[in-house]
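So the structure is just underneath, and the comments pick up after that.
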Amino acid sequence: MQYEDLYRRSVEMPEAFWAEQAAAIDWRRAPDAILDQSAPPFRRWFCGGLTNLCYNAIDRHLVDRGDQLALVAVSTETGVTRELSYRQLHREVQTFAAVLHELGVRRGERVVIYMPNMAEAAIAMLACARIGAIHSVVFGGFASHNLALRIDDAKPALLICADAGMRGGKVIAYKPLVDAACEEAVHPPRHVLVVSRGLDRELVMQAGRDVDYAGAAARHANSEVPVAWLESNEPSYVLYTSGTTGKPKGVQRDVGGHAVALALSMRMVFDVGPGQVMFSTSDVGWAVGHSYNVYGPLLVGATSLLYEGLPIRPDPGIWWQLCERYRVRTMFSSPTAIRVLKKQDETWLGKYDLSAFKWLFLAGEPLDEPTAHWITDGLKRPVIDNYWQTETGWPVLTLLPGLDMKPVKLGSPGLPNLGYKLRLVNEVTGADCAANEKGVLTIQPPLPPGCLSTVWGDDQRYVQSYFSHFKELLYSSLDWAIRDEDGYYYILGRTDDVINVAGHRLGTREIEEVVAGCGEVAEVAVIGVADEIKGQVPIVFATLKAASCDAGERQRAASAMQARVVEQLGPIAQPARTYIVDALPKTRSGKLLRRSLSALAQKADPGDLSTLDDPSALEAVRKALARGPDLRHG
Ligand code: AMP
């Protein structure tokens with residue numbers, strides 16, 4: 001079937017369409033109703049159906065592909081490669097699940113996972129899914145304060161961590177960060193399960209709370225753990241993402257809808273089926289990691305390649321070498337990673353046999369044309385930009401080579417994916433935009449399967465954050481976009497104060513809250529500015545309580561702010577430049593004029609200043625910019 005026909009069916013007859021798609025997964029009990037929309041904007045898919053993600057990802061493949069590789073975890077940091085067949089993965093997941101049971105983890109309880117891209121991270125997620133526990137993976141690049149915030153929201157029974165991660169050959173101990181987070185948290189977990197790779201030689205275990213995984217696993221080497229059959233709408237996981245406030249939002253995903261949407265996307269979007277290999281370079285701590293490093297490939301009986309390390313170590317050909325070795329068919333990465341490779345010798349791209357390689361998908365941030373050209377020419381394969389959000393869990397805009405490959409248009413992440421009824425609307429009136437007219441990208445409910453069910457523990461915030469922007473009930477992506485005459489969309493940036501650093505979303509407010517905690521800081525504004533490699537980087541502008549200060553005092557204050565951000569939020573949030581200013585531009589009602597600040601920092605017109613309270617604040621910012629940053633990183 002052609003894309004146009006199937007797309008139309010998916011949005012005009014969603015129940016019939018999704019009922020067909022539901023056949024791609026195994027149900028212990030078939031759903032009684034495909035869709036319940038009785039309480040919009042909430043919706044429930046495959047109501048009454050009983051299923052299990054782990055069963056669908058592993059057990060059901062054992063008969064036909066027990067000896068096929070399910071998961072390959074390559075670490076160029078530790079030098080260890082683990083190749084697990086479906087049968088071996090089944091064994092390891094049951095052992096892990098038995099340890100979870102032993103530690104008293106029950107169905108519906110949360111388990112925070114704080115690990116790098118190692119096999120046990122995926123195994124831990126699948127073990128939670130098996131017993132009906134709700135995992136919440138926290139990206140290893142986040143530091144203790146961020147982890148503590150997530151712990152307090154999820155109130156986990158258990159936290160699973162690695163002893164350490166490694167980056168560029170340097171060991172980063174995780175356990176002290178976990179200890180600090182548990183100390184800071186009001187609702188610390190009962191136990192901390194430590195999967196040690198022997199990297200942290202100073203690992204300290206807290207008696208009574210901490211459990212060594214290897215010891216516990218040895219007791220359960222042959223344990224069998226039956227799957228817990230869950231109603232389709234029970235939560236499978238919570239993944240935190242940044243919003244406009246400092247409090248992270250827990251994106252809650254269901255079970256059945258999640259499985260059905262991922263299975264569909266594996267076939268029709270990523271063109272990967274049973275026995276084929278997908279390599280996603282994401283971290284397991286992001287939505288892509290959940291969907292396409294763990295669940296998606298396994299749900300369809302494919303092999304998932306998980307990578308821990310840098311794209312340029314031991315050399316810039318490492319990813320292509322892995323593509324050759326494992327005969328990767330589809331690769332999924334980010335524009336930032338490709339920009340890093342673009343700085344290297346391009347002959348690395350042609351060194352390996354990529355005869356099995358068909359598609360490269362890139363997502364998470366805008367794909368600039370020079371990078372798109374460079375990689376397309378180098379690989380001589382189509383490069384497919386696709387757009388989605390942690391909330392959606394799978395692409396909203398994309399091309400669908402598994403169904404019907406349409407031409408790539410540079411700068412565009414493509415067409416609406418199956419099931420997404422997209423509307424581009426005027427920011428103020430909510431009226432539909434004409435072709436080439438800028439508007440806010442929205443999704444008309446019901447959100448398709450796979451998208452978030454709610455914000456964990458806060459239905460009100462779900463409604464408020466996503467569905468309260470227009471008179472009509474529409475999900476706002478908070479992204480600006482335009483659509484051309486051919487129906488291709490172009491993303492123009494966020495409508496809120498969220499910035500995108502190397503494909504990772506950061507709320508400027510989160511960084512502001514941490515900087516504001518420095519004793520000497522009076523006021524702070526954080527903005528994102530363009531960066532050649534990372535897309536965007538955070539820039540800090542702060543005023544100090546001291547009436548006047550010299551260059552040395554400014555630099556000391558800036559260093560203290562930077563250290564605090566890295567300590568509390570992690571290196572990902574490290575400000576690229578810090579300016580100490582005499583005043584910040586604000587409206588008469590006291591709101592920071594971040595847009596004007598951002599324009600000034602990027603040498604653009606500061607825009608509408610009619611609401612500006614004190615014009616001398618602009619001069620103060622200009623003066624600081626002319627003088628140069630008080631601290632620069634990277
Ligand atoms: P996250 O939830 O961290 O994946 O961030 C989602 C946000 O990243 C979106 O709302 C967009 O602002 C941005 N984004 C994701 N994919 C793309 C893309 N292909 N092109 C442009 N922006 C993107």
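The values are calculated or read from the model by the stated rules, or taken from the named source; none is laboratory data. For clarity, every value in this text was computed on a predicted model and none was experimentally measured. Positions of Cβ are backbone-derived with ideal geometry, glycine not excepted, and every protein chain shown enters the neighbour counts.
Okay, residues lined up against (1) outside any loop (DSSP other than H, G, I, E, B); (2) more than 15 Å from the ligand (Cβ to nearest atom):
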position	(1), (2)
348	yes, yes
361	yes, no
378	yes, yes
391	no, no
408	no, no
message = Looking at 440, 383 in this structure, which one is modelled with pLDDT of 95 or more, within 12 Å of the ligand (Cβ to nearest atom) and more than 30 Å from residue 248 (Cβ to Cβ)?
response = 383
key: Subset of segment 477-500 that is on the phi < 0 side of the Ramachandran plot and more than 10 Å from the ligand (Cβ to nearest atom) - its residue that is modelled with the lowest pLDDT   = 497
request  = Scan segment 108-120 for residues that are closer than 23 Å to residue 208 by Cα and not acidic (Asp, Glu) and jot them down.
outcome  = 110, 111, 112, 113, 114, 115
ask   = From the set of residues in segment 501-523 that are assigned to a strand (DSSP E or B) and touching a residue at least 60 places away in the same chain (Cβ under 8 Å), which is nearest to the ligand (Cβ to nearest atom)?
value = 505
ask   = Looking at (1) farther than 25 Å from residue 368 by Cα; (2) at pLDDT below 95, can you tell me which one residue 596 breaks?
value = (1)
task = Determine whether residue 527 is assigned to a strand (DSSP E or B) and touching a Lys or Arg at 6+ places or on another chain (Cβ under 9 Å).
result = yes
Every residue from segment 595-629 that is over 24 Å from residue 502 (Cβ atoms) and outside any helix (DSSP H, G or I) = 605, 606, 607, 608, 609, 610, 611, 612, 613, 614, 615, 628
ask   = Limited to segment 303-340, what total is found for residues that are in a loop (DSSP other than H, G, I, E, B) and under 26 Å from residue 65 (Cα atoms)?
value = 4
inquiry  = Residues that are within 23 Å of residue 457 (Cα to Cα) and of a type in the set (A, V, I, L, M, F, W, C), at least 2 per element: which strands (runs of 3 or more DSSP E) completely within segment 65-167 meet that?
reply    = 110-114, 134-137, 158-162
ask   = Which condition number does residue 365 fail, the rest of (1) in contact (Cβ under 8 Å) with a residue 60 or more places away in the chain; (2) within 16 Å of the ligand (Cβ to nearest atom); (3) in contact with an Asp or Glu (Cβ under 8 Å, 6 or more places away or on another chain); (4) part of a loop (DSSP other than H, G, I, E, B) being met?
value = (3)
ask   = So how many residues does segment 530-545 have that are assigned to a loop (DSSP other than H, G, I, E, B) and either closer than 23 Å to residue 340 by Cβ or of a type in the set (Val, Ile, Thr) (or both)?
value = 3
